[in-house]
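The values are calculated or read from the model by the stated rules, or taken from the named source; none is laboratory data. The structure presented is a predicted model; accordingly, all values stated were derived computationally and were not measured. For neighbour counting, all protein chains shown are included, and Cβ atoms are generated from backbone atoms with ideal geometry for every residue, glycine included.
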Amino acid sequence: MKPLAESESSRFSRARPPPRERRVRVTAAAGTPDKSGRAFVPFAVDVRFGSSAWRENDITGCVYTATGDLFVKKGDAYRPAAFLLGKNVEPVAGVCEAVPARS
């Protein structure tokens with residue numbers, strides 16, 4: 001969260017103002033396997049502007065437990081978290097997608 005807060009726009013930008021507070025929530029069980037068998041933990045970032053109510057799921061994504069790689073969702077695709085810092089990174093296929101439970 002710290003790199004994201006440090007990279008936010010100046011007060012003279014037309015972008016939305018930075019939130020006053022952020023919180024990170026883990027949204028599912030730890031160690032969920034993806035299609036290639038790698039374990040990840042899905043998360044969501046909630047934001048609050050001033051004294052207003054929390055806006056949930058402002059940013060969603062996952063972190064891989066073995067490597068620490070972070071991915072965030074943009075549209076229907078997941079990109080490396082460097083995307084939030086202004087880097088031009090391509091979507092990565094197959095990440096953060098849990099294997100369906102067998103019945």
By residue number, the members of the stretch 16-65 that are more than 22 Å from Ala77 (Cβ to Cβ) and of a type in the set (A, V, I, L, M, F, W, C) are Ala29, Ala30, Phe49, Ala53, Trp54
Among the residues of the stretch 86-102, which ones are surrounded by 13 or more Cβ atoms within 10 Å (Cβ to Cβ) and at pLDDT below 90?
-> Ala98
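Are any of the residues in the stretch 3-17 at pLDDT 75 or above and out of contact with any strand residue (DSSP E or B) (no Cβ under 7 Å at 6 or more places or on another chain)? Give the derivation first.
Let us first name the residues in the stretch 3-17 that are at pLDDT 75 or above, namely none.
No - not one qualifying residue is present in the stretch 3-17.
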Between residues in the stretch 92-103 that are farther than 13 Å from Arg38 by Cβ and residues that are at pLDDT 90 or above and surrounded by 10 or more Cβ atoms within 10 Å (Cβ to Cβ), which pairs lie under 9 Å by C-beta distance while being six or more apart or on different chains?
-> Ala93/Ala77; Ala93/Tyr78
Do we have any residue at all in the stretch 58-69 that's touching a Lys or Arg at 6+ places or on another chain (Cβ under 6 Å) and in a loop (DSSP other than H, G, I, E, B)?
-> no
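Check Lys87, Lys73, Lys35 and return the single one that is of a type in the set (D, E, K, R) and without any contact (Cβ under 8 Å) to a residue 12 or more places away in the chain. First the steps, then the outcome.
Working: Lys73 fails: without any contact (Cβ under 8 Å) to a residue 12 or more places away in the chain; Lys35 fails: without any contact (Cβ under 8 Å) to a residue 12 or more places away in the chain.
Answer to the selection: Lys87.
Out of everything in the stretch 15-46 that is assigned to a strand (DSSP E or B) and of a type in the set (Val, Ile, Thr), what residue ends up being nearest to the chain's Cα centre (by Cα)? Give the derivation first.
To start, the set of residues in the stretch 15-46 that are assigned to a strand (DSSP E or B) comprises 21-26, 32-34, 39-46.
Next, from what is left, pick out any that are of a type in the set (Val, Ile, Thr): 24, 26, 32, 41, 45.
Details: Val24: 9, Val26: 11, Thr32: 16, Val41: 11, Val45: 7 Å.
Checking each candidate, the answer is Val45.
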Residue that is surrounded by the most Cβ atoms within 10 Å (Cβ to Cβ), among those in the stretch 52-75 that are among the basic types (Lys, Arg) and touching a strand residue (DSSP E or B) at 6+ places or on another chain (Cβ under 6 Å) | Lys73
